[in-house]
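The structure appears right after this line, and notes come after that.
The values are calculated or read from the model by the stated rules, or taken from the named source; none is laboratory data. What you are looking at is a predicted structure, and each value in this text was computed from that prediction instead of being measured. Here the Cβ positions follow ideal geometry from the backbone for every residue, glycine too, while neighbour counts run over all protein chains shown. Just so you know, the surface numbers come from the protein's heavy atoms only, side chains and all, with ligands and any DNA or RNA stripped out. Shrake-Rupley method; radii C 1.70, N 1.55, O 1.52, S 1.80 Å.
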Amino acid sequence: MTINATNGLSRDLYWQDDNKVPERNNGALTQADFFALLTQQLAFQDPTKPVENDQMIAQMTNFTMADGISSLNTNFKSFAESMSSNQALQASSLVGRSVLVPSSEMVFTGQDLSRGIIDFEQRATNVRVRIEKPNGELVQTITIPEVAAGKFDFVWDGTNSKDQDMPPGVYKIKVDANMGGENQSVPVMVYAPVSSVSLGQSGKGITLNLVGLGAFKLADVREISYG
């Protein structure tokens, strides 16, 4: 916005005038500030060169748009905070329940069966599910001759290849299968109980803390179960 000065009046003199707009709102101009500036502009304009109507309308339009965008940002921020609160409330209801997430590890509690899902994009043969210790030592191999395309549920009872019970803990899981004439690695999803929920900070979203597996984003959850 341009403020014209005549008759020896300068911009510096204007800012020292008794009608100076007080600084507030962290230095941001408000609608009242705009009209105060507009009044001063009209008072000090050159009578021989008054502000054109189209310029006046353009200035008012620009401020209205800026004020509208500012209000929209404020309203959107409030909406985002409300959505985050709702998500946190919904996520808290998952504590104590099991969720299905993509993972190359699975938890054996020593009491419950370890469960997971393998999603085959096409028919597969010679499917091998390998359970390993964290150091890579083989514990158990589950062999499945043929699997149709789609989701395949599997369970591990916590025993090794000699039918001996394994201690509770986190175990690696690897799946490979023959698909389309080629031996391929297949991604796995496992069920794990939710121990707690962490609220996002510094732009990060809500995360679920799974027993033995660590933190996962809420968006990573593929399924929720009761057990």
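Specify which of the listed residues (170, 129) is part of a strand (DSSP E or B), open to solvent by less than 70 Å² (accessible area, probe 1.4 Å) and touching a residue at least 60 places away in the same chain (Cβ under 8 Å).
Working: 129 fails: touching a residue at least 60 places away in the same chain (Cβ under 8 Å).
Within the list 170, 129, the selection yields 170.
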### Identity of the residue in segment 173-199, open to solvent by 80 Å² or more (accessible area, probe 1.4 Å) and assigned to a loop (DSSP other than H, G, I, E, B), that ends up farthest from residue 120 (Cα to Cα)
199
### Task
Being in contact with a Leu (Cβ under 9 Å, 6 or more places away or on another chain) and open to solvent by less than 30 Å² (accessible area, probe 1.4 Å) is the filter here, so list the residues in segment 200-215 that pass it.
206, 208
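Does residue 153 qualify as being in a loop (DSSP other than H, G, I, E, B) and within 15 Å of residue 113 (Cα to Cα)? Step through it out loud before you land on a result.
On the way: in a loop (DSSP other than H, G, I, E, B): no; within 15 Å of residue 113 (Cα to Cα): yes.
No, not satisfied.
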